[in-house]
Amino acid sequence: MVQFYFLAVCLNIIGGLILAAPYFQEKMPFLGSMKKALVGKQSGRVIFVLLLLFTGLFKILSVTKGDVPIVGDLIPALSLFLLALTLIVDFFAEKSSVEGTMVHKLEGVLVKNSQVIGVTAVVVGVLHFIFPGVLFL
């Protein structure tokens, strides 16, 4: 459906900008306040993560005319799932004090590279907007 296409584009760009806020901070100073407003509180983060997961799932399940099922929008959907996983791992890593757990191992991979994941999500969102009919994008 077209609505999930629009949501996927918007959420990839917004989620990417939130994760890459330190990278874009000088050029876009409003990103710090946007990050604090959207994912600064626990309830906001939960709602944003659920929105990312819901949109990613339905992006895989929904098919528009002329689109290939599942494969047609695979990269934007995976990008949404990766954004959600990064935010979830960041949340649990803040709350957990036990070292050596799976959360801290994932934190070392995902949260430490969140700026790269964010920039990649922004690029995927922009490319998905420009080329909506390209396979995998």
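Give me the number: length gained by fully extending Ser43 to His104, i.e. 0.36 nm times residue separation minus the C-alpha to C-alpha distance, one decimal in nm.
19.7 nm
Would you calculate, for the chain, the mean residue ellipticity at 222 nm contributed by helices, counting each DSSP H stretch of 4 or more residues as -39,500 (n - 2.57) and dividing by all residues, to the nearest 500?
One gets -22000 deg cm²/dmol as the mean residue ellipticity at 222 nm.
With an 8 Å cut-off on Cα pairs and a minimum separation of 6 or more residues, tell me the relative contact order of the chain in percent.
Reported as a whole number, the value is 38 percent.
Could you list, in their original order, any pairs among Lys27/Lys65; Lys35/Lys105; Lys65/Lys105 whose Cα atoms are separated by more than 32 Å?
Lys27/Lys65; Lys65/Lys105
In nm, to one decimal, how far is the modelled label at Leu50 from the one at Lys112, with both set 7 Å along Cα→Cβ?
According to this spin-label approximation, the distance is 3.3 nm.
Hey, can you rank 21-27, 111-117, 51-57, 74-80 by average C-beta count inside 10 Å, highest first?
The peptides rank, most packed first, as 74-80, 51-57, 111-117, 21-27.
Sorted from fewest to most neighbouring beta carbons within 10 Å, what does the list His104, His128 look like?
Going from sparsest to densest Cβ surroundings: His104, His128.
Would you list the P(r) distribution for segment 14-134, with all Cα-Cα distances sorted into 10 Å bins from 0 and each bin expressed as a whole %?
Percent of pairs per bin, in order: 14, 40, 33, 13, 1.
Which helices, taking whole DSSP H runs in the chain, have alpha carbons extending 27 angstrom or more along the helix axis plus mean Kyte-Doolittle at least 0.5?
42-61, 74-95
Count neighbours as other Cβ atoms within 10 Å of each site's Cβ, and list the chymotrypsin sites (Phe, Trp or Tyr not before Pro) in segment 92-137 that are DSSP loop with at most 13 such neighbours.
Within segment 92-137, the qualifying chymotrypsin sites (Phe, Trp or Tyr not before Pro) (loop, at most 13 other Cβ atoms within 10 Å) are Phe136.
Bear in mind that the values in this text are calculations on the coordinates, not laboratory data. The structure presented is a predicted model; accordingly, all values stated were derived computationally and were not measured. Backbone-built Cβ (ideal geometry, glycine too); neighbour counts: all protein chains shown.
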